[in-house]
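Engineer: Before I ask anything, here is the structure I am working with.
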Amino acid sequence: MNTPVPGAAQLPLALRYPPDQRFDTFVGAPGGALAQLQALATGQEDSGVLLQGPPGVGKTHLALAACAHAETAGLRSAFLPLASAAGRLGGALEALDTCDFIALDGLDAVLGTREDEVALFHFHNRAMDGGRRLLYTAGTPATGLTIGLPDLRSRLSACTGIALAPLDDDGRRELLQCRALRRGLVIEPAAIDWLLRRVGRDPGGLTRLLDQLDRASLAAQRRVTVPFLRQVLASEPGSDGTGGSG
């Protein structure tokens with residue numbers, strides 16, 4: 001997967017922001033959340049937004065979707081995974097000063113380091129003063145983050161919070177059906193139910209599994225049925241052919 005980075009503005013939109021990670025492919029958003037993120041990405045929302053939730057709920061998906069949405073509106077966007085810039089955040093953020101919309105993914109990775117916190121505080125102020133829009137993602141709300149710099153805590157606490165929750169079984173079923181439909185992959189309902197009893201709840205893991213099934217289905221020229229699933233998963237190293245105990 002190609003991840004957007006500063007200086008990659010010359011790349012086509014489809015390469016910088018994966019087509020599977022758009023607003024219309026997201027399942028399980030809280031009421032009004034997608035409209036709010038769309039407004040933020042196009043400059044209609046004044047404050048920053050903090051997306052929070054445990055791993056696997058789709059924070060990165062929505063951050064990338066917001067970047068793509070901004071660019072379709074003719075704005076310059078940037079996506080920065082903060083873990084990749086930890087310890088040198090100041091320089092990485094300076095490269096984003098000319099963007100209209102910036103998504104900073106994974107606040108937890110840089111908090112607790114004073115130099116990074118100071119750099120983030122100054123960048124936040126520059127962005128707000130310049131009319132740019134910021135989207136943060138983190139594992140917890142601002143009040144639960146380990147922030148050493150009181151002024152940064154104040155700025156992040158002023159952001160609008162959106163909490164994401166793990167998908168329930170109905171949400172996971174909808175996700176599998178939607179992603180399969182986009183690929184033109186035919187999965188029998190019984191096969192979807194079989195999968196949901198045996199695979200994890202992480203949407204990223206479900207998507208990778210669909211990629212694997214898509215390749216196997218094309219190679220074998222077969223529909224995805226329960227027997228076919230057993231065959232494909234049995235070929236995985238360490239698999240017992242059931243995909244789990246479910």
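The values are calculated or read from the model by the stated rules, or taken from the named source; none is laboratory data. These numbers come from a predicted model, not from an experiment. No Cβ is skipped: glycine too gets one built from the backbone with ideal geometry, and neighbour counts run over all protein chains shown. To get the accessible areas, we keep the full protein, side chains included, count just its heavy atoms, and leave off ligands, DNA and RNA. Shrake-Rupley method; radii C 1.70, N 1.55, O 1.52, S 1.80 Å.
Engineer: What's the total number of residues in region 41-85 that are open to solvent by 50 Å² or more (accessible area, probe 1.4 Å) and touching a helix residue (DSSP H, G or I) at 6+ places or on another chain (Cβ under 6 Å)?
Structural biologist: 2
Engineer: Within region 106-124, can you find the residues that are over 18 Å from G139 (Cβ atoms) and either open to solvent by 40 Å² or more (accessible area, probe 1.4 Å) or within 18 Å of the chain's Cα centre (by Cα) (or both)?
Structural biologist: R114, E115, V118, H122
Engineer: Now for a separate question. Can you tell which of G91, G87, G74, G106 is closer than 23 Å to F121 by Cβ and without any contact (Cβ under 8 Å) to a residue 12 or more places away in the chain?
Structural biologist: Criteria check complete, one pass: G91.
Engineer: Only one of these is touching a strand residue (DSSP E or B) at 6+ places or on another chain (Cβ under 8 Å) and among the aliphatic types (A, V, I, L, M): V199, V186. Name it. Please lay out each step first, then the result.
Structural biologist: Details: V199 fails: touching a strand residue (DSSP E or B) at 6+ places or on another chain (Cβ under 8 Å).
From the options V199, V186, the qualifying one is V186.
Engineer: Determine whether L167 is in contact (Cβ under 8 Å) with a residue 24 or more places away in the chain and closer than 30 Å to I102 by Cβ. Even if it seems obvious, please write down each step before you answer.
Structural biologist: Working: in contact (Cβ under 8 Å) with a residue 24 or more places away in the chain: yes; closer than 30 Å to I102 by Cβ: yes.
Here the answer is yes, as L167 does meet what is asked.
Engineer: On to the next question. Could you run through region 166-197 and say how many residues are surrounded by 17 or more Cβ atoms within 10 Å (Cβ to Cβ) and under 25 Å from L51 (Cβ atoms)?
Structural biologist: So the answer is 6.
Engineer: Listed residues A103, A138, A163; which is modelled with pLDDT of 95 or more, within 18 Å of the chain's Cα centre (by Cα) and open to solvent by 20 Å² or more (accessible area, probe 1.4 Å)? If you could, list the steps in order and put the result at the bottom.
Structural biologist: Details: A103 fails: open to solvent by 20 Å² or more (accessible area, probe 1.4 Å); A138 fails: open to solvent by 20 Å² or more (accessible area, probe 1.4 Å).
Just one listed residue meets the conditions, A163.
Engineer: Against the condition in contact with a Gly (Cβ under 7 Å, 6 or more places away or on another chain), at pLDDT below 95 and open to solvent by 60 Å² or more (accessible area, probe 1.4 Å), how does T98 come out, does it pass?
Structural biologist: Working: in contact with a Gly (Cβ under 7 Å, 6 or more places away or on another chain): no; at pLDDT below 95: yes; open to solvent by 60 Å² or more (accessible area, probe 1.4 Å): yes.
No; evaluated as a whole, the condition is false for this residue.
Engineer: State yes or no: is P30 more than 18 Å from G148 (Cβ to Cβ), touching a residue at least 60 places away in the same chain (Cβ under 8 Å) and either touching an Asp or Glu at 6+ places or on another chain (Cβ under 8 Å) or part of a helix (DSSP H, G or I) (or both)?
Structural biologist: Judged against the criteria, P30 is not a match.
Engineer: What do you reckon, is V57 in contact with an Asp or Glu (Cβ under 8 Å, 6 or more places away or on another chain) and among the β-branched types (V, I, T)?
Structural biologist: no
Engineer: Another question, then. Would you check if there is a residue in region 52-68 being within 25 Å of H122 (Cβ to Cβ), without any contact (Cβ under 8 Å) to a residue 24 or more places away in the chain and out of contact with any Gly (no Cβ under 6 Å at 6 or more places or on another chain)?
Structural biologist: no
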